[in-house]
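A quick write-up on the structure given underneath.
The values are calculated or read from the model by the stated rules, or taken from the named source; none is laboratory data. Quick caveat, the model's predicted, so the values are computed rather than measured. For neighbour counting, all protein chains shown are included, and Cβ atoms are generated from backbone atoms with ideal geometry for every residue, glycine included. Surface areas here come from the heavy atoms of the whole protein model, side chains and all, with no ligands, DNA or RNA. Shrake-Rupley method; radii C 1.70, N 1.55, O 1.52, S 1.80 Å.
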Amino acid sequence: MEKLKQYHGCGEPLRSPWGNVMLPVNNEMTKIVLEELVMQSGAHLLLNSQLCDVMRNENTIKSITLLTDGGKVQITAQAFVDASGDGNLVYLSGAEHTSPDVENLQFGSLLTRFGGVASEADVSPTALRTAIAQGKAAGITPLSKDSGFAMRIVGTEDVIAILCNEKVNQLDADSLTQGQIRARKQAMAYLDTFKRFLPGFEQAYVISTGPHIGIRESRHAVGEYALTGDDVVNAATFDDAIARGCWPIERHTSANKMRVYTWIKDDGYYEIPLRSLKSINIDNLWLEGRIVSCDSEAFASVRVMGTAFLTGHAAGIAASMKNTPTENDIATIQCELKRQGALI
């Protein structure tokens, strides 16, 4: 956030109509800032590479192989963090995990960026709902959601919207492909709807859709402790806490309805234990983001981006220090996180 502010790439945190807090950002500037921060840390960044193989000795990962356009690249390390979101390293290493319940998967969403929107245009959920109802009545298809969330992109008059919902299985290439094709058709249908029925969108056009449909759920890794929905809503605390989670349980289980929230007790936060970031059967594998060990209810809170930053920070610190931390090591990890500004 501090770096983005230097680049005029974010606004002030805002509270949504549903009560949760988010940070409006310029997405292009965010890419640049994230890359700069990684490079400044001394890490070696390798983009456009895909994990394709893992070498393991008993319960320890020895190396991974990446596929690039120039060929395969092998990387050895003392510890590894799976930050893929889909548990790709978890899967290829043989770490314990569960496959997604395809029937009950949370819906994915394809973000759409609209340009040519008048500055006075109302992009509130109520305005979107009214326009979409008119579009559906006029026979415009395909339109999935009855309403959605939209906001101005910092530094522009452009509007980014979360509207195009599809139930896709990230682990099934055909399902993912067809879902993305349908979602892009939806983006054009929403454009048609808003141009006709949402004042201020008369000259609007689609600047871009996301390069990949936003996936909320795929594989679930199994860690030494599975955070539960009860832990989340009851604001649980842990001796080995390494992060705070404050996003409500947010479920996307219907194509046309808004998200469903379950709030944390007393508008507070819950703690995430280090054990939930540690693979239960691979000694040097750490977990972060969408694959932190938790049940389906807790997952609907843990998976969001802000919390993923926190678990990623903690997993990186832990992986750099010791693969099987003792009680003293846990205290050291917590101290280092605090030294670096983490709230735990």
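Which residues, counting only those in the range 203-218, are open to solvent by less than 40 Å² (accessible area, probe 1.4 Å), in a loop (DSSP other than H, G, I, E, B) and within 15 Å of LYS167 (Cα to Cα)?
Listed by number, the residues that qualify are ILE213, ILE215, ARG216, GLU217, SER218.
Those residues that are open to solvent by 50 Å² or more (accessible area, probe 1.4 Å) and either touching a residue at least 40 places away in the same chain (Cβ under 8 Å) or among the polar types (S, T, N, Q) (or both), I need them from the range 37-51; list them, please.
Of everything in the range 37-51, those that are open to solvent by 50 Å² or more (accessible area, probe 1.4 Å) and either touching a residue at least 40 places away in the same chain (Cβ under 8 Å) or among the polar types (S, T, N, Q) (or both) turn out to be GLN40, SER41, ASN48, GLN50.
Any chance you could count how many residues in the range 290-316 are surrounded by fewer than 24 Cβ atoms within 10 Å (Cβ to Cβ), small (Gly, Ala, Ser) and farther than 17 Å from TYR225 by Cβ?
Here the count works out to 4.
Give the residues of the range 259-273 that are open to solvent by less than 100 Å² (accessible area, probe 1.4 Å) and touching a Pro at 6+ places or on another chain (Cβ under 9 Å), sorted by residue number.
Listed by number, the residues that qualify are TYR261, THR262, ILE264.
Does GLN170 satisfy the criteria of being open to solvent by 30 Å² or more (accessible area, probe 1.4 Å), free of Cβ contacts under 8 Å to residues at least 40 places away in the same chain and over 30 Å from HIS8 (Cβ atoms)?
no
Do you know which residues across the range 192-221 are at pLDDT 95 or above, touching a strand residue (DSSP E or B) at 6+ places or on another chain (Cβ under 6 Å) and either under 27 Å from ASP283 (Cβ atoms) or among the hydroxyl-bearing types (Ser, Thr, Tyr) (or both)?
Answer for the range 192-221, where residues must be at pLDDT 95 or above, touching a strand residue (DSSP E or B) at 6+ places or on another chain (Cβ under 6 Å) and either under 27 Å from ASP283 (Cβ atoms) or among the hydroxyl-bearing types (Ser, Thr, Tyr) (or both): TYR205, SER208, THR209, ALA221.
Among the candidates ARG251, ARG244, single out the residue that is farther than 24 Å from ALA43 by Cβ, open to solvent by 40 Å² or more (accessible area, probe 1.4 Å) and modelled with pLDDT of 95 or more.
After applying the criteria, what remains is ARG244.
Check off (1) exposed (fewer than 14 other Cβ atoms within 10 Å of the Cβ); (2) within 27 Å of LEU310 (Cβ to Cβ); (3) of a type in the set (Val, Ile, Thr) for ILE61 and give me the number that stays unchecked.
Condition (1) is where ILE61 drops out.
For (1) more than 25 Å from ALA95 (Cβ to Cβ); (2) surrounded by 12 or more Cβ atoms within 10 Å (Cβ to Cβ); (3) touching a residue at least 24 places away in the same chain (Cβ under 8 Å), each residue gets a yes or a no:
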{"position": "VAL25", "(1), (2), (3)": "yes, yes, yes"}
{"position": "LYS31", "(1), (2), (3)": "yes, no, no"}
{"position": "GLU35", "(1), (2), (3)": "yes, yes, no"}
{"position": "ASN57", "(1), (2), (3)": "no, no, no"}
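Report every pair of residues separated by at least 6 positions or lying on different chains whose Cβ atoms are under 8 Å apart, first residue within the range 317-344 and more than 11 Å from LEU274 (Cα to Cα) and open to solvent by 40 Å² or more (accessible area, probe 1.4 Å), second in a loop (DSSP other than H, G, I, E, B) and of a type in the set (S, T, N, Q).
If the second residue must be in a loop (DSSP other than H, G, I, E, B) and of a type in the set (S, T, N, Q), the pairs left are ASN323/GLN78; ASN323/ASN284.
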